[in-house]
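The values are calculated or read from the model by the stated rules, or taken from the named source; none is laboratory data. Keep in mind the model is a prediction, meaning the values are calculated, not measured. As a convention, Cβ positions derive from the backbone with ideal geometry for all residues, glycine included, and neighbour counts pool all protein chains shown.
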2 protein chains.
Amino acid sequence: MTADDLVFKALADATRRFLLDLLFVRDGRTLTELESELEMTRFGVMKHLRVLEAAGLVVARRSGREKLHFLNPVPIRLIHDRWVDKYTERRVSALADLKNQLEEMS
Amino acid sequence: MTADDLVFKALADATRRFLLDLLFVRDGRTLTELESELEMTRFGVMKHLRVLEAAGLVVARRSGREKLHFLNPVPIRLIHDRWVDKYTERRVSALADLKNQLEEMS
DNA sequence: AGAATAGGTGACTCAATAGTCACATGTCAA
DNA sequence: TTGACATGTGACTATTGAGTCACCTATTCT
């Protein structure tokens with residue numbers, strides 16, 4: 001399993017993406033706090049966090065009996081750089097912004 | 001299946017990422033040409049291209065009996081924008097560049 | 001027309017993954 | 001020190017997805 005594979009497999013699940021969304025809004029949350037935002041059992045959430053950690057998308061730090069989770073955006077940026085040409089980036093970025101705006105309007 | 005899901009599931013497979021890499025280098029290739037770059041049978045490649053098309057990562061155009069495939073980078077940019085804060089983007093980008101350089105050196 | 005070429009469909013097998021549960025360890029606070 | 005809390009492990013089930021194959025359609029070229 002390559003580093004790439006870990007990242008993309010981690011992002012392939014909607015629950016894990018939602019966890020990243022939660023951490024994007026606010027970092028440093030515990031497993032229990034994250035679990036309370038989901039329908040899933042604690043074990044399911046824990047498994048997902050393990051996958052995200054292994055991929056480097058989430059970094060965790062223990063504090064007493066708690067484990068705090070932080071979002072690491074670097075792997076996401078690397079995905080971007082793999083297929084978005086530096087020279088055409090401005091144009092693509094403009095298109096992406098437009099798409100976002102259209103969706104916000106509807 | 002949401003639009004998100006289609007994109008991330010499409011990216012979860014190493015063969016499909018390799019197809020994107022091929023199209024990133026040069027666009028407008030046919031199924032047969034792409035197949036020749038892979039160990040897989042034509043059917044396998046075709047399935048993967050269907051998935052990439054459904055996700056909007058690849059756009060195809062028929063020309064006679066051939067089907068030409070093109071890379072569409074917009075969904076990739078949207079992934080980036082989802083978790084990389086506009087304000088911290090410069091810093092993250094610098095880190096990503098550093099990581100790329102380190103890997104090229106080793 | 002007939003052969004070769006490019007692409008397409010539906011069913012099948014095998015492997016990987018999501019989610020749950022019983023059970024277990026370490027930490028805090030009264 | 002006892003009970004409550006936060007996290008962790010291994011096994012299990014059900015679902016999903018990758019890859020192949022037999023068979024099929026459409027286009028080009030002689």
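Considering A:ALA55, A:ALA12, which residue is touching a Phe, Trp or Tyr at 6+ places or on another chain (Cβ under 7 Å) and either among the charged types (D, E, K, R) or not assigned by TED's automatic domain parsing to the domain that holds A:ARG82 (or both)?
After applying the criteria, what remains is A:ALA12.
So, of the residues in the stretch B:10-33 that are more than 13 Å from DNA strand D (Cβ to nearest atom), in a helix (DSSP H, G or I) and surrounded by 14 or more Cβ atoms within 10 Å (Cβ to Cβ), which turns out to be nearest to the chain's Cα centre (by Cα)?
The extreme case among them is B:LEU20.
Of the residues B:ARG16, B:ARG90, which single one is within 13 Å of chain A (Cβ to nearest Cβ) and within 17 Å of A:ASP4 (Cβ to Cβ)? Even if it seems obvious, please write down each step before you answer.
Working: B:ARG90 fails: within 17 Å of A:ASP4 (Cβ to Cβ).
Residue meeting the stated conditions: B:ARG16.
Is it the case that A:LEU95 is surrounded by fewer than 18 Cβ atoms within 10 Å (Cβ to Cβ) and of a type outside the set (Val, Ile, Thr)? Steps first, please.
Numbers: surrounded by fewer than 18 Cβ atoms within 10 Å (Cβ to Cβ): yes; of a type outside the set (Val, Ile, Thr): yes.
Answer is yes for this residue.
Does B:LEU78 satisfy being in contact with a helix residue (DSSP H, G or I) (Cβ under 9 Å, 6 or more places away or on another chain) and within 16 Å of DNA strand C (Cβ to nearest atom)? Step through it out loud before you land on a result.
Details: in contact with a helix residue (DSSP H, G or I) (Cβ under 9 Å, 6 or more places away or on another chain): yes; within 16 Å of DNA strand C (Cβ to nearest atom): no.
In short, no.
Any idea which of B:LEU49, B:LEU71 is in contact with a strand residue (DSSP E or B) (Cβ under 7 Å, 6 or more places away or on another chain), more than 10 Å from chain A (Cβ to nearest Cβ) and surrounded by 14 or more Cβ atoms within 10 Å (Cβ to Cβ)?
Numbers: B:LEU71 fails: more than 10 Å from chain A (Cβ to nearest Cβ).
Answer to the selection: B:LEU49.
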